Amino acid sequence: MEPQDTVRHVSEPFVRAITLLMSGPLIPSCRAQVALRLGADAPVEHFVLDVSPRDLVYTLHRADGGLVDDYDGFTHTRRSESPVQDIPRNSFNVEHFAARLSFPLSLPVWGRSFDSYRFTGAALADGDRIELPLVHTKDDRVTGSLTVSDDLRMAVKLDTPTLLIEYTEIAAARRARVKVPD
């Protein structure tokens, strides 16, 4: 076996974090405050997210309460500020950026041809948090990180020069309120 054919040793925290990310449908339902920055110099926007990755559904509101996006992956429909839209079943990355930590396979970090970043193989464990360093797929000088919470079993922060998604105040999601007719 040639040296380039050997498998590089990766740490247990790295394997644990990747395992949690790959178990996306097992991510528990939750409600979270979301900070989102799209662009290097863009302002940070704030949202409230109710999500059930198992059911492929989420509702996203602006911090002030206005509806931004309501997606149902079972029916492939989206309700937002515009009328209900049908989403083609073969669509990829249909989630709003603010919801993507709950659907980790939609994150641009896997090194696929359409992704911007890839994992380095390193992992930094700090309590229940595991930080995975990232490098840009085209320029190794551009870096970022993806943080996974072992306790919550989900990604909680993606931080790159042009994209920030961070979940805070993560709690069990409230059940949707069903309006009962009088």
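Report the extension gain between Asp140 and Met22 in nm, rounded to one decimal, defined as 0.36 nm multiplied by the number of residues separating them, less their alpha carbon distance.
That pair, Asp140 and Met22, stretches by 40.1 nm at full extension.
How much net charge surrounds Thr147 when only other residues with a Cβ under 11 Å from its Cβ are counted (Lys, Arg +1; Asp, Glu -1)? All intermediate terms of the calculation are to be shown ahead of the outcome.
On the way: positive: Arg129, Lys157; negative: Asp126, Asp128, Glu131, Asp150, Asp159, Glu166.
Summing Lys/Arg as +1 and Asp/Glu as -1 gives -4.
Would you please name the trypsin sites (Lys or Arg not before Pro) within segment 99-161 that are DSSP coil residues with at most 16 other C-beta atoms within 10 Å of their C-beta?
Qualifying residues, ordered by number: Arg112, Lys138, Arg141, Arg153.
Please work out the FRET efficiency for the pair Ala172 and Leu105, using the Cβ-Cβ distance as r and a Förster radius of 22 Å; give the result to the nearest 0.05.
Once the sixth-power term is evaluated, E becomes 0.45.
In the neighborhood of Glu131, defined by Cβ-to-Cβ distances under 14 Å, what is the net charge if each Lys or Arg adds +1 and each Asp or Glu adds -1?
Numbers: positive: Arg16, Arg129, Lys157; negative: Asp126, Asp128, Asp150, Asp159, Glu166.
Taking every Cβ under 14 Å from that of Glu131, the sum is -2.
Every read-out reported here was derived from the displayed coordinates using simple, explicitly stated rules and does not represent laboratory data. This is a predicted model, so every value here is computed, not measured. Neighbour counts are summed over all protein chains in view; Cβ atoms, including those assigned to glycine, are modelled from backbone coordinates with ideal geometry.
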